[in-house]
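A quick write-up on the structure given underneath.
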Amino acid sequence: SQTIHQWPATLVQPVGSPLSLECTVEGTSNPNLYWYRQAAGRGLQLLFYSVGIGQISSEVPQNLSASRPQDRQFILSSKKLLLSDSGFYLCAWSVGGFTDTQYFGPGTRLTVL
Amino acid sequence: AQKITQTQPGMFVQEKEAVTLDCTYDTSDQSYGLFWYKQPSSGEMIFLIYQGSYDEQNATEGRYSLNFQKARKSANLVISASQLGDSAMYFCAMRESLSYNQGGKLIFGQGTELSVKP
């Protein structure tokens with residue numbers, strides 16, 4: 001069966017520091033991968049998605065970036081964090097097809113101070 | 001513009017009773033998919049049920065069913081026989097322009113917080 005991992009689970013970082021969040025998927029090949037952000041008490045907003053290695057689509061212009069160095073690895077990065085980057089970051093995967101249901105990881109709660 | 005609206009910020013239901021969570025959507029596409037997710041306090045988003053725009057029958061998954069009214073652009077989630085473990089945030093989401101392996105994004109509503117009373 002497929003599983004998705006995210007780490008770290010929680011992170012507290014100062015403003016201006018770098019960021020690296022990692023997401024890996026097991027049990028499937030060539031998944032579509034997604035990064036979402038959820039502000040407190042709000043719905044999810046798509047940040048990036050990838051349909052293959054090295055293929056990244058950005059949905060929201062910001063100081064974040066994403067990379068997919070391996071088939072089942074998706075990384076969210078920032079060179080300098082802003083206060084507004086605080087939130088709950090969720091990684092998701094799907095295997096395409098007509099339904100293309102997305103399945104989410106456990107998330108990373110980021111607090112920027 | 002594509003949009004999902006959940007008008008109920010919070011709902012209460014008695015244990016063992018049924019509850020309906022409302023969701024309306026706006027799209028100009030003919031081909032789209034509607035999803036419901038559950039988010040317990042732990043934060044993980046759990047997929048519950050899917051309805052395609054061309055599906056003629058309402059989707060069902062165990063105690064979950066989706067009341068799909070295409071003309072009204074509504075996709076309400078019905079939970080039968082509520083359990084204490086159903087207390088969580090529930091999100092409705094939509095994906096437009098379905099095509100094979102498009103890798104399309106989900107648009108989420110603001111969510112409804114459901115509390116099940118013993």
For this session: Check the protein assembly as shown and count each lysine pair with an alpha-carbon distance under 16 angstrom, considering only pairs eight or more places apart or from different chains.
Result: 4
Exercise. Around A:Leu82, which amide H atoms from residues at least 5 apart in sequence, or from another chain, sit under 5 Å from its own amide H, with H modelled in the peptide plane?
Worked result: A:Gly16
Problem set entry | Residue-by-residue Karplus 3J(HN,Hα) for the stretch B:46-61, coefficients 6.51, -1.76, 1.60, Hz, glycine and proline x | 10, 5, 10, 7, 10, 9, x, 5, 9, 6, 7, 9, 5, 6, 9, 9
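Reported to two decimal places, what Rg/Rh ratio describes the protein assembly as shown when computed on Cα atoms with Rh from the Kirkwood expression? Don't jump to the answer; show the numbers that get you there.
Working: Rg = 17.7 Å, Rh = 18.3 Å.
Checking Rg against Rh, the ratio lands at 0.97.
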For this session: Enter the Cα centre distance for the pair the stretch A:16-35 and the stretch A:36-71, rounded to the nearest angstrom.
Result: 9
Exercise. Under the definition of Cα pairs under 8 Å and six or more residues apart, what whole-number percent is the relative contact order of the stretch A:1-47?
Worked result: 34
Exercise. Can you give the charge dipole size of the protein assembly as shown about its Cα centre, rounded to the nearest 20 debye, using +1 on the beta carbon of Lys and Arg and -1 on the beta carbon of Asp and Glu?
Worked result: 440
Seminar exercise, completed: Note: A:79-86 gets an average of partner chain Cβ contacts (10 Å, Cβ to Cβ) equal to 0
For this session: From other protein chains only, count the Cβ atoms within 10 Å of every residue's Cβ in B:19-26, then give the mean.
Result: 0
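Inside 10 Å of the C-beta atoms of A:93-103, what's the mean count of C-beta atoms belonging to other chains? Numbers along the way, then the final one.
Details: counts 0, 5, 1, 5, 3, 9, 7, 11, 7, 10, 5.
That average works out to 6.
None of the figures in this text is laboratory data; all of them are computed from the coordinates on show. Just so it is clear, the structure is predicted and the values come from calculations on it, not from any experiment. Heads up, the Cβs are rebuilt from the backbone with ideal geometry, glycines too, and the neighbour counts pull from every protein chain shown.
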